[in-house]
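Have a look at the structure below, then the notes.
The values are calculated or read from the model by the stated rules, or taken from the named source; none is laboratory data. Here the structure is a predicted model, which means the values were calculated and not measured. Neighbour counts are summed over all protein chains in view; Cβ atoms, including those assigned to glycine, are modelled from backbone coordinates with ideal geometry. What goes into the accessible areas is simple: the full protein's heavy atoms, side chains included, and nothing from ligands, DNA or RNA. Shrake-Rupley method; radii C 1.70, N 1.55, O 1.52, S 1.80 Å.
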Amino acid sequence: MSDLSALDKKILTLIQADFPVQRRPYAAIAQVCGCTEPEALKAVNRLREKEIRRLGGVFDLAHLGYVSTLCALAEEDPAKIEQTAAVVSSYPEVTHNYQREDRYNIWFTVIAYGQERIDAILSDIAQRTGVDDILDLPAQNLFKIKVDFNLTDNQSREVQPKGSQETEDVCSIEGKLSSHPTKEKPSAHEERVTPSSNKANHALTNPRAVAKAAPRLSEAEKALVRILQGNISQGELPFDEVADQLSQVGFTLSVDEVIDRIKRWIADGTIRRFGACVRHQRLGYAFNAMTVWDIPDADIEKAGAIMADDPRVTHCYERLRKPTWPSNAYTMIHGTHQEDCFAAADDIYHALIKAGIATSKPRLLFSTREFKKRSMRYFCEEEMR
């Protein structure tokens with residue numbers, strides 16, 4: 001991150017959750033960040049080369065009618081880990097696949113248009129690998145998903161949540177034009193990289209219930225999803241080009257209609273955020289720990305709110321317990337050093353105890369290898385197979 005200018009950091013902090021959905025987005029970015037429109041465009045396109053993995057819509061899978069699950073597989077033979085992981089990664093519905101430090105050493109996520117497809121994938125994996133010790137851990141409730149990082153020294157982006165209960169905080173860029181809250185200068189330790197301090201939305205939601213109630217999208221809307229889930233154009237009028245792409249596949253929407261549809265999807269939670277997905281390792285986050293907790297069932301909502309309130313936590317879920325895996329709460333913690341993750345987990349543990357929640361200390365499962373990481377491609381099942 002040392003090669004990023006102050007303007008780069010300011011823009012990258014802003015556009016992770018606040019890329020302006022308007023005709024001339026770079027003019028709006030320039031107004032907020034104190035530069036010209038061409039400078040803003042040039043900076044974003046330069047950041048796309050290394051720091052930005054993707055710039056577009058981050059969709060809430062449940063609002064699109066999809067279901068997902070977190071899975072773990074116990075490969076007992078160290079010599080077969082890569083082979084087994086390759087089998088897991090071969091399925092297009094598997095979006096993330098990591099080796100972690102545990103007896104259950106291969107952890108992966110599966111997203112599909114229906115539970116039947118997930119069941120078929122897990123059965124097939126067991127048959128192909130010879131490993132039948134596979135955990136299927138669907139989320140029962142979601143407390144937080146917010147993967148954006150504050151790279152500036154004085155910008156605290158606390159905003160009021162809007163949209164559906166399980167969306168990330170999204171605020172309008174117009175609001176930033178008149179207000180730039182500040183905080184005290186962070187310590188040298190914090191200056192390495194500090195997560196954004198947006199308040200988490202702690203409302204409890206069941207993703208499976210949301211998926212069942214999701215309205216069916218029209219073919220034009222599905223086409224728009226397929227475009228927005230990729231990278232929007234690097235030109236100065238990206239939403240004009242989205243309208244052009246729709247026209248090329250047989251759907252006519254004006255640029256104003258495209259912008260209006262995106263804004264409505266943000267408001268109702270179909271789009272969790274519209275912005276830049278970053279390569280967190282490039283920003284100094286070399287370590288991440290999936291932290292698993294055994295929380296008394298009666299206290300799960302209270303605990304979830306406490307966990308989600310920590311800015312070092314990017315994900316927080318309640319998941320099913322299993323006979324061989326009694327944990328029911330999961331937090332994902334990112335840190336610049338491994339000790340940062342331990343410190344965050346320890347702080348959360350003491351906050352839970354202080355709140356009267358009787359829990360043991362968590363298990364931190366650090367990833368040791370990344371086998372696969374990609375965004376889900378919604379409504380692309382035919383081309384994925």
Practice item. Considering (1) farther than 21 Å from residue 23 by Cβ; (2) of a type outside the set (Val, Ile, Thr); (3) open to solvent by 40 Å² or more (accessible area, probe 1.4 Å), say which one residue 256 fails and leave the rest. Key: (1)
Point to revise | Boolean, residue 80 is open to solvent by 10 Å² or more (accessible area, probe 1.4 Å), over 30 Å from residue 10 (Cβ atoms) and over 18 Å from the mean Cα position of the chain (by Cα) | key: yes
Review point. Can you spot a residue in segment 18-36 that is basic (Lys, Arg), open to solvent by 40 Å² or more (accessible area, probe 1.4 Å) and modelled with pLDDT of 95 or more?
Key: yes
Revision key, fill the gap. Sole miss for residue 102 among (1) within 29 Å of residue 368 (Cβ to Cβ); (2) assigned to a helix (DSSP H, G or I) is condition (2)
Practice item. Please go through segment 104-143 and pick out each residue that is touching an Asp or Glu at 6+ places or on another chain (Cβ under 8 Å), more than 28 Å from residue 299 (Cα to Cα) and not β-branched (Val, Ile, Thr). Key: 105, 112, 113, 117, 122, 126
Check your understanding: Would a scan of segment 259-277 turn up a residue that is closer than 30 Å to residue 237 by Cβ, without any contact (Cβ under 8 Å) to a residue 60 or more places away in the chain and surrounded by fewer than 16 Cβ atoms within 10 Å (Cβ to Cβ)?
Key -> yes
**Study point:** Answer from 381, 301 - the residue that is closer than 30 Å to residue 82 by Cβ, in contact (Cβ under 8 Å) with a residue 24 or more places away in the chain and open to solvent by 30 Å² or more (accessible area, probe 1.4 Å)
**Key:** 381
Review point. Does segment 350-366 hold any residues that are open to solvent by 40 Å² or more (accessible area, probe 1.4 Å) and not aliphatic (A, V, I, L, M), and which are they?
Key: 350, 354, 356, 360, 361, 363
Review point. Is segment 298-318 home to any residue that is over 22 Å from the mean Cα position of the chain (by Cα) and in a strand (DSSP E or B)?
Key: no
Point to revise | residue 154 vs. criteria at pLDDT below 95, under 30 Å from residue 19 (Cβ atoms), open to solvent by 50 Å² or more (accessible area, probe 1.4 Å) and not aliphatic (A, V, I, L, M) | key: yes
Review point. Here are some conditions: (1) touching a residue at least 40 places away in the same chain (Cβ under 8 Å); (2) over 18 Å from residue 238 (Cα atoms). Residue 12 meets all but one. Which one does it not meet?
Key: (2)
Exercise for review: Among the residues of segment 1-46, write down those that are under 21 Å from residue 279 (Cα atoms) and not in a helix (DSSP H, G or I).
Suggested key: 1, 2, 3, 4, 5, 19, 20
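Quick check on segment 322-339: of everything there that is part of a loop (DSSP other than H, G, I, E, B) and either in contact with a Leu (Cβ under 7 Å, 6 or more places away or on another chain) or farther than 15 Å from residue 363 by Cα (or both), which residue is least open to solvent (accessible area, probe 1.4 Å)?
Per the criteria, the residue is 336.
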Review point. Does residue 88 satisfy the criteria of being within 19 Å of residue 371 (Cβ to Cβ), in contact with a strand residue (DSSP E or B) (Cβ under 7 Å, 6 or more places away or on another chain) and outside any helix (DSSP H, G or I)?
Key: no
